[in-house]
Structure formats: structure tokens, C-alpha cells
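Just below is one structure, and these are the notes that go with it.
The values are calculated or read from the model by the stated rules, or taken from the named source; none is laboratory data. Given the structure is predicted, the values throughout are model-derived calculations rather than measurements. Positions of Cβ are backbone-derived with ideal geometry, glycine not excepted, and every protein chain shown enters the neighbour counts. Side chains are part of the model used for accessible areas, which takes the heavy atoms of the whole protein and leaves out ligands, DNA and RNA. Shrake-Rupley method; radii C 1.70, N 1.55, O 1.52, S 1.80 Å.
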Amino acid sequence: MTLLEVRDLRTWFPVKKGLFSPVKYVKAVDGISFTLEKGEVLAVIGESGSGKTTLGRTILRLVKPTSGKIVFEGRDITNIPESELRWYRFSTAMVFQDPFSSLNPYHTVQYILEEPLILRGVPPKERAELVVKALEEVRLVPPEDFLKKYPHMLSGGQRQRVGIARALITRPKFVVADEPVSMLDVSIRAEILSLMRSLQSKYGITMMYITHDIATAKYIADKILVMYAGKMVEYGPFRDVIKNPLHPYTQALIEALPDPDPANRFKIRKVPPGEPPSLINPPSGCRFHPRCPYVIKGKCEKEEPPLKEVKRGHYVACWLY
Ligand code: SF4
């Protein structure tokens, strides 16, 4: 059953330098389409500035889309006013990148977890039980040791466990996790992602996992969407894309992964030169063409490649296919 459908979504931010200068747009999200079945996890991968966080925030309607369509459980929520979004707010949640700044430093762990339940009118006795259960589920045990603590009394990993517990305590149908482990020590990233995966599958939550690190997606993702400069360049089942990446940018992201085999430490990697482009004035044609080792002269810099289904469910936007 399809939970979320996103069609040709665009989020552009106007920028004006001087009083008489023309308005330009930062095209942070520029024509993204995908569907998510109930209980699926989509990893959205891209370098910083690729538009992935704006995509997540737009889908949650924290940012207003410029055009396109967001359909959640069969209801078009793209342009409905905030006053009619209450049910959607109650069906969705977000896990933030920085577990310290996303938790109110003046509130105890108990209140941080109770707050979303108070907003939903859950009675005090039930709230207390749900808070204890949530702490147990994120393995902050015994819960009594954590209830009266403030965020500064916890380690980074413990804070992010509280962040996950807060996002999931209301049993949302859809969660956006925006770089949830990038600020944590490498040694605990896999553990936190495995915890998220087990809770996600236990409660059948549909999830969007946003990251710049394609290596971490393997712990959690069913599907993958690769973004470059606001555009989707590749999309498909996670295993297919990782085993057989088609777009030169996806290939470069995979090439850049650290190789654990010491015998390969001097291997030359095909990492594309240069930086991601400005989203105000992106390159013409294929936005990746200034960095692409396979650029087709006279075509790639002029014509934008359409997203094409190359294998069943595996899409790529590149003139090589
Ligand atoms: Fe490279 Fe051309 Fe494909 Fe873009 S369309 S990724 S420039 S080969």
C-alpha cells in the first residue's frame, strides 16, 4: 500500500541582491518524484548543498513547496493550509541531526518524552507508562536512571536515543531522519542505525533517511534516491543501485568509500574533481557535467537528461543510458 507519493516536487527560495536587481531562485529541490510503500525506508543521499534536507522538510510541510505534488495516504497535502494540517503533523515526526540542540536544555528527559503525548491529550497514567516503555525500547535502562536527567547530563549517543524515542513515542506513520548519526562517534553509528531499523520494522514506520554517507544507508535502507544539485540522478532498490550504480555521480560516491582491505590502501580512486555547483546558477544541461569523467561533448552541457527506467524500478538521469 502506497503511503507517500511525491510528484515533480520543487522548492525554490527567492533571493534578491539589490532593490532593482531581478529576483533569482535557489532551486534547492528541482523536480523530485518517488513513491514509498508503507513500512519502506528510503535513503536520500547527496553531498552537502544537494537539497536533501530541504526535500525532507518540504515533504513534512515545514517548508512550502513551489510546485509539484505530495500525496500522503491518498490525500493531497501540497497546498492545504496549516490549520488543516493537524492530522498530518500527528502522523509524522522528525529525528534531527544534532541531538543536543534539538532537545530543550531546560526540560528533563521525562518531560521531553511526555510533551508530544500531552499535545495529543494522552492521560497522565498512560503517558508515564509510554515514557518508560520508550526509554526501554531505545535501551536507556533502567528508565528511572534517565527520567530526571537533563540533556547536558547525557552522552551524544544517549541524547540521540532520547531524540529517537521522542520521535517514535506517538507511533508516527512517517518519519524523516535527517543525518541522525553524523554528529555521533563512528563507533556507535551502526548501533543507533540498527536500533532505528528494528523500531521502524517493529512498528511498520515508513522512513526517509537523509545522509551524505552512503556507507551508513546499508543498515537501514530499502530504496535509495541520489540527489545532485537539487535533481534526482538515480533512484531504485538499495541493493540494485549499490551493486550496479549507473550514474557517474553514484559511482563516484561508492568509489570514495573507505576500503577496509589494507591491500587496497594505495588504490587510486575515481573521485570527481571540483565542488557541487551553486543552486542559484547551476550548470546548463546535466548539472554534473563540469565534474563528469564521461561527459559527451556537445550534448551533456546543453541538454538535461531525463530520468529513465533502465531496469525494473531502477531509474537514472544520464545520457549514457
Ligand atoms: Fe556525465 Fe553526461 Fe551522464 Fe551527465 S549526462 S552524468 S555529464 S555522461
Taking the mean number of other Cβ atoms within 10 Å as a proxy for protection, how do you rank 15-23, 78-86 from highest to lowest?
-> 78-86, 15-23
Length-normalised contact order for the range 161-315 - Cα pairs under 8 Å, 6+ apart - percent = 17 percent
Within-13-Å neighbourhood charge of Leu279 [Cβ basis; K, R +1; D, E -1] = +3
Cβ under 11 Å from Thr53's Cβ, Thr53 left aside: what net charge do those residues give with Lys, Arg +1 and Asp, Glu -1?
-> 0
Which shape class, rounded, prolate or oblate, goes with the range 176-245 when its Cα gyration tensor gives a ≥ b ≥ c as root eigenvalues, a/c under 1.5 marks rounded, and past that a/b bigger than b/c marks prolate?
-> prolate
For the chain, what is the mean residue ellipticity at 222 nm derived from helices alone (per DSSP H run of n ≥ 4: -39500 (n - 2.57); sum divided by total residues; nearest 500 deg cm²/dmol)?
-> -8000 deg cm²/dmol
Over the chain, what is the mean sequence separation of C-alpha contacts under 8 Å (at least six apart), divided by residue count, expressed as relative contact order in percent?
-> 20 percent
Between Leu257 and Arg197, what length comes free when the chain is fully extended (0.36 nm per residue of separation minus the Cα-Cα distance, one decimal in nm)?
-> 19.4 nm
Only Lys, Arg, Asp and Glu count, each charged at its Cβ (+1, +1, -1, -1), so figure out the dipole size of the range 148-231 about its Cα centre, rounded to 20 debye.
-> 380 debye
Against the 2.2 N^0.38 Å rule of thumb, the C-alpha Rg of the chain sits at a ratio of 1.06
Based on alpha-carbon positions alone, could you give the equivalent ellipsoid semi-axes of the range 96-208 from the gyration tensor, as √(5λ), descending, whole Å?
-> 20, 17, 13
Among the helices of the chain (complete DSSP H runs), which have Cα atoms covering no less than 24 Å along the helix axis and a Kyte-Doolittle mean of at least 0.5?
-> none
Run the quick spin-label model on Tyr25 and Ala128: label points 7 Å from Cα toward the beta carbon, then report their separation in nm to one decimal.
-> 5.4 nm
Using alpha carbon centers only, the range 1-48 is separated from the range 152-182 by a whole-angstrom value of 24 Å
How are the C-alpha pair distances of the range 1-86 spread across 5 Å bins, as whole percents from the shortest bin up?
-> 3, 13, 22, 22, 18, 11, 6, 3, 1, 1, 0
Can you give the Kirkwood hydrodynamic radius of the range 161-206 from its Cα pairs, in Å with one decimal?
-> 11.0 Å
Computed magnitude of the charge dipole of the chain (debye, nearest 20; Cβ of K, R +1, Cβ of D, E -1) = 580 debye
Which values of log₁₀ I(q)/I(0), to two decimal places, follow from the Debye formula for the range 1-159 at q = 0.10 Å⁻¹ with a uniform point scatterer at every Cα?
-> -0.53
If you roll a 1.4 Å probe over the range 31-85 with all protein chains in place, what percent of the accessible area is carbon or sulfur?
-> 47 percent
Rg(Cα) of the range 44-88 divided by 2.2 N^0.38 Å?
-> 1.25
Extension reserve of the Glu144-Lys311 stretch, reckoned as 0.36 nm per residue once the Cα distance is removed = 54.9 nm
Over the range 2-101, what relative contact order in percent results from Cα pairs under 8 Å that are six or more residues apart?
-> 31 percent
All Cα pairs of the range 155-306, percent lying beyond 19 Å = 62 percent
Net charge over other residues, Cβ less than 10 angstrom from the Cβ of Leu135 (K, R count +1; D, E count -1) | -1
Sorting Gly298, Val316, Asn281 by the position of each Cα along the dipole of the range 281-321 (Lys, Arg +1; Asp, Glu -1; all at Cβ), the one nearest the positive end of that ordering is Val316
For Tyr321 and Glu275, calculate 0.36 nm times their separation in residues minus their Cα-Cα distance, and state this gained length in nm to one decimal.
-> 14.1 nm
Using a 10 angstrom cutoff on alpha carbons, build the Gaussian network for the chain and name the most mobile of Ile224, Ile280, Ile192.
-> Ile280
